[in-house]
1. Scan B:LEU58, B:LEU50 and give me the residue that is outside any helix (DSSP H, G or I), within 12 Å of chain A (Cβ to nearest Cβ), open to solvent by 10 Å² or more (accessible area, probe 1.4 Å) and among the hydrophobic types (A, V, I, L, M, F, W, C).
2. Give all pairs with beta carbons closer than 6 Å in which a residue from segment A:55-80 that is more than 7 Å from chain B (Cβ to nearest Cβ) meets a residue that is open to solvent by less than 80 Å² (accessible area, probe 1.4 Å) and part of a helix (DSSP H, G or I); count only pairs at least 6 apart in sequence or on separate chains.
3. Mind telling me which of the residues A:PHE113, A:PHE104, A:PHE153 ends up being free of Cβ contacts under 8 Å to residues at least 40 places away in the same chain, open to solvent by 80 Å² or more (accessible area, probe 1.4 Å), closer than 22 Å to A:LEU220 by Cβ and of a type in the set (A, V, I, L, M, F, W, C)?
4. Out of (1) in a helix (DSSP H, G or I); (2) at pLDDT below 85; (3) over 29 Å from A:PHE217 (Cβ atoms), what's the single condition that is false for A:VAL138?
5. Pick from B:GLY77, B:GLY8, B:GLY66, B:GLY16: which is in a loop (DSSP other than H, G, I, E, B), modelled with pLDDT under 90 and surrounded by fewer than 16 Cβ atoms within 10 Å (Cβ to Cβ)?
6. Give all pairs with beta carbons closer than 6 Å in which a residue from segment B:88-109 that is open to solvent by 80 Å² or more (accessible area, probe 1.4 Å) meets a residue that is assigned to a helix (DSSP H, G or I); count only pairs at least 6 apart in sequence or on separate chains.
7. Only one of these conditions is not met by A:SER167: (1) farther than 28 Å from A:GLN223 by Cβ; (2) small (Gly, Ala, Ser); (3) under 43 Å from the mean Cα position of the chain (by Cα). Which number is it?
8. Somewhere in segment A:196-213, is a residue assigned to a loop (DSSP other than H, G, I, E, B), open to solvent by less than 80 Å² (accessible area, probe 1.4 Å), modelled with pLDDT of 85 or more and within 17 Å of A:PHE153 (Cα to Cα)?
Amino acid sequence: MMVPDWKTLLKERLAGLEVHPARAMEIIEEVAADLEDKYTRRVDRGEDPEAAKADLLAELGAPGEFEQRVLAELGQFTPRPPEQEFGGPGKVLENLGQDLRYGFRMLRKSPWFSLVAMMTLALGIGASTAVFSAVYGVLWKPLPFPEPNRLVFFWGTFSGGQSAATSPPDFLDYRARTTTFEALEASFAHSGRVPTTLTGSGEPARLHSAAVSAGYFKMLGVQPILGRNFSSAEERDGGNGVVI
Amino acid sequence: MVPTDNEGLDRELKKGSTELLILSLIEEKPRHGYEVGRLIEQRSEGVVQLHVASLYPLLYRLEKRGWIAGKWVENEGTGGGRRRRYYEMTEDGRKVLAAQRDTWSRFVIAVDRITNPKPA
């Protein structure tokens, strides 16, 4: 026996029920339960299912009759503009306050559930923040130089495809002949992690250093805080090392 | 054959008494619509029957007037967790019911005195 889906039948039949949509759904649910019980009782008594179904649908009266009767009692629903629906800014704040108080009471009512929910949220947010921080630092964070989108890094390769350092003579040739780049400069320890010890007056200090070509800082668009940039004469082979 | 309008009288009597019937049943204990309709049919021995098109708009009217209050109750036993809307009597409803009972009793007695006069 195919049991009728009374909710669906009523939704189709009462499509013109112009009360608040949520109320309309409640009415459909309530009447569907009534008709379902009556249907079950009648079929259990041995009545023909189709006849019982038709009989029960007839209880709704002529098309539109049930809707009219309900509308006469509940009044027609007309959606209000948002400012009336929410009652203006004052009302919104009042509602927000009520919602917050209600939420707080619910949290206190189930402390263990609240604790587990908060821990889950904390772990989720923490993990998301960590991943985002890493992705931001590696992929999105701009370099601390002007026009970082114009900076590129390149290196030589062996015949097998492995990356390799470029020799100083090759670099000088590239720099002299480049027409593609505004400037071409070299770092001889591009990782910037060559340990160095600074001695002189006072206690020695451990520093990280890198040997670079003369126009390196000019290419990056940065100036030393103290002193001056390297001059091209200081890049000369056999010249004295100059430190910034 | 003498024309009669028994159907019209029957309809008017039902119309005038249905609120009283519903309130009386809900006064006993909270009930859902199906239960109210079935009890009216059972206790009147089939004389009074309320179809959904009459019963539910009336329930909504009584609820709107504040005489009864509807509340959804989850049915965790039979019915596969289906919930029902139960109606219970409010304080205003009790007062209205008492007044309607009194009016109805006086009316029935008065009609009886006229339609079945006792021999002098």
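The values are calculated or read from the model by the stated rules, or taken from the named source; none is laboratory data. Given the structure is predicted, the values throughout are model-derived calculations rather than measurements. As a convention, Cβ positions derive from the backbone with ideal geometry for all residues, glycine included, and neighbour counts pool all protein chains shown. The area values use the complete protein model at the heavy-atom level, side chains included, leaving out ligands, DNA and RNA. Shrake-Rupley method; radii C 1.70, N 1.55, O 1.52, S 1.80 Å.
1. Of B:LEU58, B:LEU50, the one residue that is outside any helix (DSSP H, G or I), within 12 Å of chain A (Cβ to nearest Cβ), open to solvent by 10 Å² or more (accessible area, probe 1.4 Å) and among the hydrophobic types (A, V, I, L, M, F, W, C) is B:LEU50.
2. Close Cβ pairs satisfying both conditions: A:LEU56/A:LEU35; A:LEU56/A:LYS38; A:LEU56/A:TYR39.
3. None of the others qualify; the one that does is A:PHE153.
4. (3)
5. None of the others qualify; the one that does is B:GLY77.
6. Close Cβ pairs (under 6 Å, with a partner that is assigned to a helix (DSSP H, G or I)) amount to B:TRP104/B:LEU20.
7. Here A:SER167 clears every test but (3).
8. Yes: segment A:196-213 contains one or more residues that are assigned to a loop (DSSP other than H, G, I, E, B), open to solvent by less than 80 Å² (accessible area, probe 1.4 Å), modelled with pLDDT of 85 or more and within 17 Å of A:PHE153 (Cα to Cα).
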